[in-house]
Amino acid sequence: MVVTSALDPSAIALSVALAAILIVVVLVDVREMRIPDACNAAILALGLLACAVLHHQTVAWGALSAGAGFLAMDTIRVVYWKVRNVEGLGRGDIKFVAAGASWIGLEALPHMILVAAVIALFWQFAAAARGRSISMTTAVPFGPFLACALWAVWLTKA
């Protein structure tokens with residue numbers, strides 16, 4: 001398999017398209033606490049297209065990674081619900097992780113989730129330091145952190 005260079009015009013075009021969708025995800029999730037299905041579908045479709053065009057992984061691996069990412073995150077959501085009886089992870093976040101996995105592959109998915117969690121944690125620490133009241137029930141839009149993490153992991157893989 002021949003991998004396309006990160007400076008290839010198709011790699012740049014696909015990366016710019018991903019960045020544009022990620023910006024929409026951030027803006028909508030901050031304002032409405034939801035990630036639109038259309039954004040997740042576009043990220044998934046472009047991720048699979050990137051697999052086909054850039055050859056950084058097979059389309060089958062991109063699709064398998066998306067499915068595994070969905071199952072892993074949905075399992076976390078269900079366990080959290082059963083333990084706390086509170087929604088801790090939105091379905092849009094789960095779909096976003098699945099779509100993002102189509103870009104970066106299953107092997108990089110833990111990196112994306114770890115980076116997103118660390119950024120979110122520091123963001124919450126900064127908010128608390130500025131006097132914002134934060135508790136176990138404080139709702140936090142996770143999409144912006146997932147978007148930053150996907151972008152960072154994608155760029156380091158490219």
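The values are calculated or read from the model by the stated rules, or taken from the named source; none is laboratory data. Please read these numbers as outputs of a predicted model, since none were measured by experiment. Here Cβ is always computed from backbone atoms with ideal geometry, including for glycine, and neighbour counts include all displayed protein chains.
Against the definition (in contact (Cβ under 8 Å) with a residue 12 or more places away in the chain, among the aliphatic types (A, V, I, L, M), under 30 Å from S10 (Cβ atoms) and in contact with a helix residue (DSSP H, G or I) (Cβ under 9 Å, 6 or more places away or on another chain)), how does A152 come out, yes or no?
yes
Which one of these does L7 not meet: (1) over 17 Å from the mean Cα position of the chain (by Cα); (2) farther than 30 Å from S135 by Cα; (3) assigned to a helix (DSSP H, G or I); (4) not small (G, A, S)?
Evaluating L7 over (1) over 17 Å from the mean Cα position of the chain (by Cα); (2) farther than 30 Å from S135 by Cα; (3) assigned to a helix (DSSP H, G or I); (4) not small (G, A, S) leaves (3) as the failure.
May I ask you to list the residues in the stretch 106-144 that are more than 18 Å from G90 (Cβ to Cβ) and among the polar types (S, T, N, Q)?
Within the stretch 106-144, S133, S135 meet the criteria.
How do the pairs read when you match residues in the stretch 75-86 that are at positive phi with residues anywhere that are in a helix (DSSP H, G or I) and polar (S, T, N, Q), using Cβ under 8 Å and keeping only pairs 6 or more apart or on different chains?
Qualifying pairs under 8 Å: none.
Only residues in the stretch 5-31 that are in contact (Cβ under 8 Å) with a residue 24 or more places away in the chain and farther than 15 Å from A52 by Cα count as the first member; pair them with residues that are among the acidic types (D, E) and surrounded by 15 or more Cβ atoms within 10 Å (Cβ to Cβ), Cβ under 7 angstrom, at least 6 apart or cross-chain, and list the lot.
If the second residue must be among the acidic types (D, E) and surrounded by 15 or more Cβ atoms within 10 Å (Cβ to Cβ), no pairs are left.
Could you say whether any residue in the stretch 120-134 is exposed (fewer than 11 other Cβ atoms within 10 Å of the Cβ), among the polar types (S, T, N, Q) and in contact (Cβ under 8 Å) with a residue 40 or more places away in the chain?
no
For the stretch 5-28, does any single residue satisfy the condition of being within 19 Å of L109 (Cβ to Cβ) and touching a His at 6+ places or on another chain (Cβ under 9 Å)?
No, the stretch 5-28 contains no residue that is within 19 Å of L109 (Cβ to Cβ) and touching a His at 6+ places or on another chain (Cβ under 9 Å).
When you scan the stretch 54-103, how many residues do you find that are within 24 Å of I12 (Cα to Cα), modelled with pLDDT under 95 and surrounded by fewer than 16 Cβ atoms within 10 Å (Cβ to Cβ)?
Here the count works out to 1.
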